[in-house]
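Quick notes on the structure that follows.
The values are calculated or read from the model by the stated rules, or taken from the named source; none is laboratory data. Note that this is a predicted model, so its numbers are computed, not measured. Ideal geometry is used to build each Cβ from the backbone, glycine not excepted, and the neighbour counts take in all protein chains shown. Ligands, DNA and RNA are stripped out before the accessible areas are found, and what is left, the full protein with its side chains, is counted by its heavy atoms. Shrake-Rupley method; radii C 1.70, N 1.55, O 1.52, S 1.80 Å.
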Amino acid sequence: MLWNSVGCLIYQACMWAMTIAVVIFSNDYENSGRLAFAMALGNIYYPLATYNMRTIQVSDLTNEYSSGQYIAFRFFTVFAGVIPVLIYLFLTSPITSFSTCLAWLLFKADEAFCSVFYSIEQRALRMDYIGISQGVRGVICLGLFIALLSFGLTLPLALIGISICCILITWLFDFRAASQFESVIPKINLSTIGELAVKFFPAVVTLVCYGSVVSIIRQKFGIAYGDAELGKYAAIATPTVLVQVAASYLYNPLLVNAAKCWSERDYRKFQQFVIRTLLAICCIGAVAILMSELIGKSVLLLVYGSSIESSVYLLSPALFATVVTTLFAFSFDILTVMRHLNIALIANVCSLLVAFVGCGILFVIYGANGINIAVVVSFGIGLLICLIDLFVTFHKVKRTHDEQHL
């Protein structure tokens, strides 16, 4: 778990540093905005490419499907997921961001595929391999990205370069590491692929809606106000993802045990895990917001210079939005473990509808801060739906337990 946490934090820190590097090695915030736009598109593609199978694969304690079947299915989803995203790209993306988006999709395709190997390693309780993989990827990607930009290559070519590097790491390291624990030979069976696609369709729609909320909000802001304004917001907001990452590394390694508690009907321990994790996420968020108020402005001015000063006020609201996002992500992960897939789907669809309908007017009223407010309102509604379902479920379980002991 410690290897995993350190390695994944290094990876996310390096992804943030890439958004800083693209500002430093560019004359303005245009490339930063294009990269932010591409990353937003990647957030829509990634759940299609993974089909939200990480939590399902990790919590498959009865081996309903083999690792070979999960890997074969991942091949299918990585390629099939490109089709709707390319259509969406053609319909919505400005021509200036088109090549950057395509290059970033290649990067996300590899990221989506290697996660199937991470699930195998997590089930084997060897998340040290995940941490090593993530740490190495982050450092190499950042170093290569800076080198390529400093040599005068364009942003799309730099992204293609790091994508090729990550593909090599996937097959030279992750493939071999996962093969120590289970067979990683794909078992291609069209009937099984169809069965998985139909059975877990609510799960993938759930994650697509989740990824689309922030993506649509940012894309609509970028289209309305330009790449430069979106780039400034992204420069402020991207490091806040570290809070979400830190919280997710707190609970992701424990999802196997949570699934075991739920499967064995140890509801008391399962409920304790859920409540403690929600409280821990709130505590991490509170500390992050406090630190942003104390030293956030100084750090941002040191990194970006005086050009970012007018946008520093966005940091604390962006952190609060990240906390709400993390609480929501954990809540519907738990619903996935419980196989309450329809409730998770309803929560995410409602969040997406609120974001799509309401973000425009929030931009007009609050400017760039409307992005943060739209995220809080959208995910806040989804979080409320998830918490209501958890409360009702825990109440039913407690009542059933009390009746059995009368």
Pick out the one residue from Pro186, Pro202 that is open to solvent by 30 Å² or more (accessible area, probe 1.4 Å) and within 30 Å of His340 (Cα to Cα). Pro186
Residues that are over 24 Å from Leu105 (Cβ atoms) and open to solvent by less than 50 Å² (accessible area, probe 1.4 Å), drawn from segment 158-177: Ala177
Within segment 116-157, count every residue that is among the polar types (S, T, N, Q), over 23 Å from the mean Cα position of the chain (by Cα) and either outside any helix (DSSP H, G or I) or farther than 24 Å from Ala38 by Cβ (or both). 1
Of the conditions (1) surrounded by fewer than 22 Cβ atoms within 10 Å (Cβ to Cβ); (2) part of a helix (DSSP H, G or I), Phe181 clears all except one; give me its number. (2)
On the given criteria, is Leu106 open to solvent by 60 Å² or more (accessible area, probe 1.4 Å), under 19 Å from the mean Cα position of the chain (by Cα) and farther than 25 Å from Thr325 by Cα? yes
Given the condition acidic (Asp, Glu) and in a helix (DSSP H, G or I), answer yes or no: does some residue in segment 329-344 qualify? yes
All positions within segment 6-41 that are under 15 Å from the mean Cα position of the chain (by Cα) and among the polar types (S, T, N, Q): Gln12
Top-ranked residue in segment 356-369 [being surrounded by fewer than 21 Cβ atoms within 10 Å (Cβ to Cβ) and of a type in the set (Gly, Ala, Ser); ranked as farthest from Ser311 (Cα to Cα)]: Gly358
Picking from Ile216, Ile164, Ile169, Ile160, the residue that is modelled with pLDDT of 90 or more, under 15 Å from Met39 (Cα atoms), within 22 Å of the chain's Cα centre (by Cα) and of a type in the set (Val, Ile, Thr) would be Ile160
Could you tell me which numbered condition Ser97 fails, if it satisfies all but one of (1) buried (at least 23 other Cβ atoms within 10 Å of the Cβ); (2) within 28 Å of Glu182 (Cα to Cα)? (2)
Please determine whether any residue of segment 385-397 is over 24 Å from Leu61 (Cα atoms), in contact (Cβ under 8 Å) with a residue 24 or more places away in the chain and surrounded by fewer than 20 Cβ atoms within 10 Å (Cβ to Cβ). yes
Would you call Ile120 open to solvent by 10 Å² or more (accessible area, probe 1.4 Å), over 21 Å from Cys165 (Cα atoms) and either of a type in the set (A, V, I, L, M) or modelled with pLDDT of 90 or more (or both)? no
Going residue by residue through segment 311-318, is there one that turns out to be assigned to a helix (DSSP H, G or I) and open to solvent by 60 Å² or more (accessible area, probe 1.4 Å)? yes
Restricting the search to segment 371-381, which residues are under 17 Å from Phe37 (Cα atoms) and either surrounded by fewer than 20 Cβ atoms within 10 Å (Cβ to Cβ) or of a type outside the set (A, V, I, L, M) (or both)? Asn372
